Amino acid sequence: MGKALLIIDVQNAILKDKGTAGRQPVIDAALEEVVARLRNLQDKARASGVPVVVIQHDGPDGHRLAVGTEGWQVRPELAPQPGDVLVRKKSSDSFHETELGIRLEALGTSHLVVGGCMTQFCVDTTVRRAVSLGYDVTLVADGHTTADSANLAHVDIIAHHNETLDGFDAGNAMIEVRRAAEISF
């Protein structure tokens, strides 16, 4: 059983208008840095023959990620390439009512390397679910991001989740948090 790279919800409008006028440029810049790190990990995974799985959130009509809109599209830098797996979802849990588990099983996956958006929702929910399903997880410490909340800056949300999730386990499966530069395939 091997590794797979799982990239969650890095879509054109994932953080659109999620910050105040003064904070949005900071949030957008952080997203660009995460996209670059994830792209580098995609390249390393593909070069090593490690499967790349891209998760795409299907929002309802009127949502910033409404199906078929420009905002719904996966960022072009991270868009699935031939041989990659695309899984669409409608909830924060990438496994909930999707084919993700079946696809990972078919690939012989036992360890997920995970990055993407949004930290406290889809990333957190998916990595916790993955561990409860028996997958070991490496969460890319500098490869997930979000917007500010009413009380916390995005960097604080990210730091909190990195600290909270590092060492989280269920049975024999566990999450470890590592920076992108420390991850190899």
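Residues of segment 14-44 that are under 20 Å from THR126 (Cα atoms) and hydrophobic (A, V, I, L, M, F, W, C): ILE14, LEU15, LEU31, VAL34, VAL35, LEU38, LEU41.
Residue-level analysis places LEU65 among those that are over 12 Å from the mean Cα position of the chain (by Cα), buried (at least 17 other Cβ atoms within 10 Å of the Cβ) and more than 26 Å from GLY2 (Cβ to Cβ).
For every residue, the table says whether it meets (1) surrounded by fewer than 18 Cβ atoms within 10 Å (Cβ to Cβ); (2) among the hydrophobic types (A, V, I, L, M, F, W, C).
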position	(1), (2)
THR126	no, no
LEU133	yes, yes
VAL137	no, yes
THR145	no, no
ASN151	yes, no
VAL155	yes, yes
ASP169	yes, no
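Restricted to segment 93-129, and to residues that are of a type in the set (Gly, Ala, Ser) and touching a His at 6+ places or on another chain (Cβ under 8 Å), which residue is nearest to GLU163 (Cα to Cα)? Here the answer is GLY115. Only one entry in GLY49, GLY71 is under 19 Å from ALA181 (Cα atoms) and over 14 Å from the mean Cα position of the chain (by Cα), namely GLY49. The set of residues from segment 95-116 being in contact (Cβ under 8 Å) with a residue 60 or more places away in the chain and either over 16 Å from ARG179 (Cα atoms) or part of a helix (DSSP H, G or I) (or both) comprises LEU104, LEU107, GLY108, THR109, SER110, HIS111.
Among residues that are at pLDDT 95 or above, in contact with a helix residue (DSSP H, G or I) (Cβ under 9 Å, 6 or more places away or on another chain) and surrounded by fewer than 16 Cβ atoms within 10 Å (Cβ to Cβ), ALA106 is not included. ALA153 falls short of the stated requirement of being of a type outside the set (Val, Ile, Thr), in contact with an Asp or Glu (Cβ under 8 Å, 6 or more places away or on another chain) and modelled with pLDDT of 95 or more. Picking from residues in segment 112-124 that are over 15 Å from VAL54 (Cα atoms) and touching a Ser or Thr at 6+ places or on another chain (Cβ under 7 Å), the one that is surrounded by the most Cβ atoms within 10 Å (Cβ to Cβ) is THR119.
Of the residues that make up segment 135-146, is at least one assigned to a loop (DSSP other than H, G, I, E, B) and not small (Gly, Ala, Ser)? Within segment 135-146 (the criterion being assigned to a loop (DSSP other than H, G, I, E, B) and not small (Gly, Ala, Ser)), the answer is yes, since at least one residue qualifies.
The values are calculated or read from the model by the stated rules, or taken from the named source; none is laboratory data. All figures in this text were calculated on a predicted structure; none of them were measured in a lab. When we count neighbours, we look across all protein chains shown, and the Cβ atoms used for this are built from the backbone with ideal geometry, even at glycine.
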